[in-house]
Amino acid sequence: MPPVTIKLMKKDIHPKNYRFVVFKDISTDYAFISKSAVETKDSIKWEDGNEYPLVKLEISHMSHPFYTGKMKLVDTAGRVDKFRTRYEKAKKTPASK
């Protein structure tokens, strides 16, 4: 029989700041708490009276069309308007050959 080798777990590879964090969907005001090591400067007072770090999300399962079943377009940064403006300008100017 071959000798048995024991593999030890690597040390110091896990984040040190793993803690509870509140994630808030800014388009629907839905918030949930989970554990994370994400860095953030914001904080919020949660339902239990404690203060937790806050991460603001542009979209979550409460606002994403796949999960809601609604084809609602969420555009927090105006990207769709910029695209439509450029597209309209391109349609008006004749293509150069």
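Every number here is computed from the coordinates shown, using simple stated rules; none is lab data. All values derive from a computational prediction rather than experimental measurement. Backbone-built Cβ (ideal geometry, glycine too); neighbour counts: all protein chains shown.
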Under a straight-distance cross-link criterion of Cα-Cα below 19 Å, which lysines are reachable from Lys91, leaving out those fewer than 8 residues away in the same chain? Lys82
Lysines within cross-link reach of Lys24: Cα-Cα under 25 Å, excluding same-chain residues under 8 positions apart? Lys16, Lys35, Lys41, Lys45, Lys56, Lys70, Lys72
List the chymotrypsin sites (Phe, Trp or Tyr not before Pro) within the range 6-49 that fall in a DSSP loop (any state other than H, G, I, E or B) and whose Cβ has at most 16 other Cβ atoms within 10 Å. Tyr18, Trp46
Around Val38, which amide H atoms from residues at least 5 apart in sequence, or from another chain, sit under 5 Å from its own amide H, with H modelled in the peptide plane? none
Karplus-derived 3J(HN,Hα) from phi for the range 10-21 (6.51 cos²θ - 1.76 cosθ + 1.60, θ = phi - 60°), whole Hz, x at Gly and Pro, runs 5, 9, 6, 9, 8, x, 7, 9, 6, 8, 6, 9
Spacing of the two label points (7 Å from each Cα toward its C-beta) at Ile33 and Lys10, in nm: 3.2
